[in-house]
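The structure under discussion appears below in the form of structure tokens.
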Amino acid sequence: MKDMIRLSARQYEDLLKLVYLGNFLVNNYRSDRPVSRFDDLESYLFALAKDYGLAQALDMDAETGTVYPSREFSQTEELNEFIDDFIDNSFWDELVQRLTGRDLNRKHGQEAVEAMNWEQLREIEEPIYKRYASEVEKHGLENLEIINRRAS
């Protein structure tokens, strides 16, 4: 037997926000191959929004009957701020991680790095990571340059 979850209108609105943000994370860049089960779940949950007094949160495709988040819902300052913060933090973290990995592989070789246990790796990785993290925190991209090391 399935248990019912009782939610206040506020909790349901927050659930819709989480579902929207999660589906955005998974499917935003997958226009050619979306994870349809997440689209379907989002559509299902948004279709119930009227029951919680949140009709403004949904729009419907007249041809297919598919329910999706309305522009009014999805373009709120709050959701845009969450998305922008995620993208910004992901960018900087990924940049620092990749630069750190590159330097480790250059200095020790990829095979040696892959053979290290977690403690060994952390010991040599941490100072490199901290150096890059400090640099991008202080200066952003200002001091980042592309140098062509390959002779043409």
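Tabulated values for the structure
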read-out: Footprinting exposure proxy for ILE146, ILE128, ILE87 (fewest neighbouring C-beta atoms within 10 Å first); value: ILE146, ILE87, ILE128
read-out: Kirkwood-based Rg to Rh ratio, the chain, C-alpha trace; value: 1.15
read-out: Rounded to whole Å, sorted largest first: equivalent-ellipsoid semi-axes of segment 77-139, Cα gyration tensor; value: 29, 12, 10
read-out: Relative exposure of ASP84, ASP32, ASP103, judged by other C-beta atoms within 10 Å (fewest first); value: ASP32, ASP84, ASP103
read-out: Over 21 Å [Cα-Cα, segment 9-74], rounded percent; value: 18
read-out: Segment 84-152: trypsin sites (Lys or Arg not before Pro) in DSSP loop, at most 10 other beta carbons within 10 Å; value: ARG149, ARG150
read-out: Between segment 1-26 and segment 84-132, the Cα center-to-center distance that results, in Å; value: 35
read-out: The chain: relative contact order as a whole-number percent, Cα under 8 Å and 6+ apart; value: 14
read-out: For LEU58, distant residues with modelled amide H under 5 Å away; value: SER70
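Bear in mind that the values in this text are calculations on the coordinates, not laboratory data. The model shown is predicted, which means the values in this text are computed figures rather than measured ones. Because the Cβ atoms are built from the backbone with ideal geometry, glycine has one as well, and the counts that use them run over all protein chains shown.
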